[in-house]
1. Note down the magnitude of the dipole of region 1-119 about its Cα centre, charges +1 on Lys and Arg C-beta and -1 on Asp and Glu C-beta and zero elsewhere, to the nearest 20 debye.
2. May I ask you to order 51-64, 192-205 by the average number of other C-beta atoms within 10 Å around their residues, highest value first?
3. Just how large is the dipole of region 134-200 about the Cα centre, in debye to the nearest 20, putting +1 at every Lys and Arg Cβ and -1 at every Asp and Glu Cβ?
4. Please report, in Å, the Rg and the Dmax of region 65-152, where both are computed over Cα atoms only.
5. What's the ranking of 231-237, 154-160, 104-110 by average number of surrounding C-beta atoms within 10 Å, highest first?
6. Roughly what percent of Cα-Cα pairs across region 100-247 reach past 17 Å?
7. Compute the Kirkwood hydrodynamic radius of region 166-241, taking the inverse of the mean of 1/r over all pairs of distinct Cα atoms, and give it in Å to one decimal.
8. Express the carbon and sulfur contribution to the solvent-accessible surface of the chain as a percent, rounded to the nearest whole number, probe 1.4 angstrom.
Amino acid sequence: MTDPVTVWRRLAAGSTVLLDGFHALKHAVRFGAEVPVAVTADRAATLALADELAPDVRDALAGLLTEVPDETYASFVPRPHPTAVAALAVRPSRASHLEKLARTPRTAPVVVLDNPRNLGNAGAVIRLAAGFGVTGVVTTGTVDPWHPTVVRGGAGLHFATAVERLEVSDLPPGPLFALDPEGDDIRAVKLPDDAVLAFGSERTGLSPELRARADHFLSLPMRPQVSSYNLATSVAMTLYHWSCNVP
């Protein structure tokens, strides 16, 4: 049997994706990720957790997981996860994701995060977007949407949708609805399935480039004197409105 430490150190130097924690590994396996190495500090406890929370992938996890000492596991991750599980996955093909994002007609929107700054927020958006079955999540700006902190925040659900970073000029086709406090009330608008839904940075809002590209500006209902919603909350409200298909 190949030593998992040797495999890990060889693969970690490449373009693999860190799956940090049981739930990230569970979701990645469930949605077809290629996982060449997975470790746990307590194999019996991890498989018991799989029996309880993910029986559909329990056997697959049993075939992947190798038990290693606590100190070895801890050396593989930025900070130990409560489940003491970590794995490396092969990052999906960018070309296949771009093809999926560009394909029309679509049956679900694309979410765009315009120059996001908070890695945890970006991960939370990917997690809920996957739950709604969106076509994909695109980021603009400098943040890598496959950064380990983003993947951890997304609980491995990057593998359930198409996640890529693009320039504003390269965004997928479709009517672009940008969320802005001065926009039209979203409750009066029916969002089409092929919509591109754009959300600005947590600090600076929409970039001038995104504003110039937008076809429509929408606002979310909010009580006076409340300054803003969390980014993931704004995305969730917008996707829920789309899913209800209310004109």
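1. With only Lys, Arg, Asp and Glu charged at Cβ, the dipole is about 660 debye.
2. So the order, starting with the most tightly packed, is 192-205, 51-64.
3. The dipole of region 134-200 has a size of about 320 debye.
4. My reading of the Cα-based Rg and Dmax gives 15.8, 50 Å.
5. Packing proxy ranking, top to bottom: 154-160, 231-237, 104-110.
6. Cα-Cα pairs in region 100-247 separated by more than 17 Å: 56 percent.
7. 12.9
8. 51
The values are calculated or read from the model by the stated rules, or taken from the named source; none is laboratory data. The structure presented is a predicted model; accordingly, all values stated were derived computationally and were not measured. Quick reminder, even Gly has a Cβ in these numbers, built from the backbone with ideal geometry, and neighbours come from all protein chains shown. Calculation scope for accessible area: heavy atoms of the full protein, side chains included, ligands and nucleic acids excluded. Shrake-Rupley method; radii C 1.70, N 1.55, O 1.52, S 1.80 Å.
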